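To start, the structure under review is shown below, and the notes come after it.
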Amino acid sequence: MEILMHALEHAFLDTLKLIPFLFVTYLAMEALEYHAGKASEAAVRKAGKAGPAIGALLGVVPQCGFSAAASTLYAARVVTLGTLFAVFLSTSDEMLPILIAEQAPIALIAKVLVIKMVVGMIVGFAVDAALHLMCRDRERLRIHELCERDKCHCNGDCAACEKEPELAYDYEHDGEHEHDHAGVSIAKSALKHTVQVTLFIFLITLLLEVVMDAVGEDVIASFMAGNPGLSVVAASVVGLIPNCAASVAITELYLDGTLGAGAMMGGLLVSAGVGLLVLLRTNRPMRDNLAIVAGLLLVGIAVGGVMTAFGVTL
């Protein structure tokens, strides 16, 4: 009971001080997505062979619905598989706001974003090149349903898109009808994100405090140092969880010194967030989705493993 009360106190105080930073960060992110989200999506749709480069560049921009939009566009075969990989690998999910709220060094944030962007580009172009050599032409599909948690708002309240869902994906004929998609309150959305992530941070911090107090920081640090490969695999698997708690946990563990840089990057590379949920719901056949998930996991483990093996720090 003493350990629990001590952990509750520390978790509450540590989380409380982050709330203002989180809210301001999410407010800026929501404003950015509201004003630039559609432009980013359009750029990816029309990128063609340069899709992986555009997807990786735009993926690092803090737009929480971008990975979901990329999944929807891939399900409709508007973008290539390589572009989807580039977006998934470069997107930051909840990592960026956590680093900002924790006032992490700008150099650290920049290195993480650059690594994710470069890996996204390399893997994206490699995937597209492999598919080209295998002569697997893109299919022309139109997906008529979206996941409940899809945040791309491709149908929204647009009567034309509700009547003919394929219009939401058919960017070549955007000028033939007007979209009347309703805007979302920036402040309300930012507050919602802040509350959700704050809850996750509190629970994860509480768990870490209990474990640290019960087991001891030295024991945990020694275990991680003695099993770096295991930590990379574990972090990469956790990163696949399509929920912001995954990237929150990985980032917090790294900042606490529990995870090394390689394990942290392995987990964050595969943290595509809600994009994976949208992909599983909208894309068929399901075996392709499982192959994409497996590919993300392999990339995360490989990059994290190489960084760990060579002692790379950030």
Original post:
Between residues in the stretch 185-209 that are farther than 17 Å from His6 by Cα and residues that are in a helix (DSSP H, G or I) and of a type in the set (S, T, N, Q), which pairs lie under 8 Å by C-beta distance while being six or more apart or on different chains?
Top reply: Thr198/Thr15
**OP:** All but one of (1) crowded, with 20+ Cβ neighbours inside 10 Å; (2) of a type outside the set (Phe, Trp, Tyr); (3) modelled with pLDDT of 55 or more hold for His153, so report the exception by its number.
**Re:** (3)
**OP:** Please tell me if Pro20 is part of a helix (DSSP H, G or I) and at pLDDT 85 or above.
**Re:** no
Subject >> The lone exception for Lys111 - which of (1) of a type in the set (Lys, Arg); (2) surrounded by 15 or more Cβ atoms within 10 Å (Cβ to Cβ); (3) at pLDDT 70 or above; (4) more than 18 Å from the chain's Cα centre (by Cα) it fails >> reply: (4)
Subject >> Test set (1) at positive phi; (2) open to solvent by 50 Å² or more (accessible area, probe 1.4 Å) - Ala302 fails condition number >> reply: (1)
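Here's the yes/no breakdown for (1) under 30 Å from Gly311 (Cβ atoms); (2) among the hydrophobic types (A, V, I, L, M, F, W, C); (3) part of a helix (DSSP H, G or I):
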{"residue": "Leu253", "(1), (2), (3)": "yes, yes, yes"}
{"residue": "Leu259", "(1), (2), (3)": "yes, yes, no"}
{"residue": "Gly267", "(1), (2), (3)": "yes, no, yes"}
{"residue": "Leu277", "(1), (2), (3)": "no, yes, yes"}
{"residue": "Arg281", "(1), (2), (3)": "no, no, yes"}
{"residue": "Arg284", "(1), (2), (3)": "no, no, no"}
{"residue": "Asn289", "(1), (2), (3)": "no, no, yes"}
**OP:** Within the stretch 114-137, work out how many residues are under 18 Å from Val87 (Cα atoms) and either open to solvent by 60 Å² or more (accessible area, probe 1.4 Å) or outside any helix (DSSP H, G or I) (or both).
**Re:** 4
**OP:** Working only within the stretch 47-75, note down all residues that are in contact with a Leu (Cβ under 6 Å, 6 or more places away or on another chain), surrounded by 24 or more Cβ atoms within 10 Å (Cβ to Cβ) and of a type outside the set (Phe, Trp, Tyr).
**Re:** Ala70, Ser71
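Could you list, in sequence order, the residues of the stretch 266-294 that are open to solvent by less than 20 Å² (accessible area, probe 1.4 Å) and under 12 Å from the mean Cα position of the chain (by Cα)?
Matches in the stretch 266-294: Gly267, Leu268, Leu269, Val270, Ser271, Ala272, Gly273, Val274, Gly275, Leu276.
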Original post:
Of all residues in the stretch 231-248, how many are of a type in the set (Gly, Ala, Ser), open to solvent by 20 Å² or more (accessible area, probe 1.4 Å) and closer than 12 Å to Ile204 by Cβ?
Top reply: 1
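The values are calculated or read from the model by the stated rules, or taken from the named source; none is laboratory data. Because the structure is a prediction, the values reported are computed rather than measured. We place every Cβ from the backbone using ideal geometry, glycine too, and count neighbours over all the protein chains shown. Quick note on the areas: whole protein, heavy atoms, side chains included, nothing else; ligands and nucleic acids left out. Shrake-Rupley method; radii C 1.70, N 1.55, O 1.52, S 1.80 Å.
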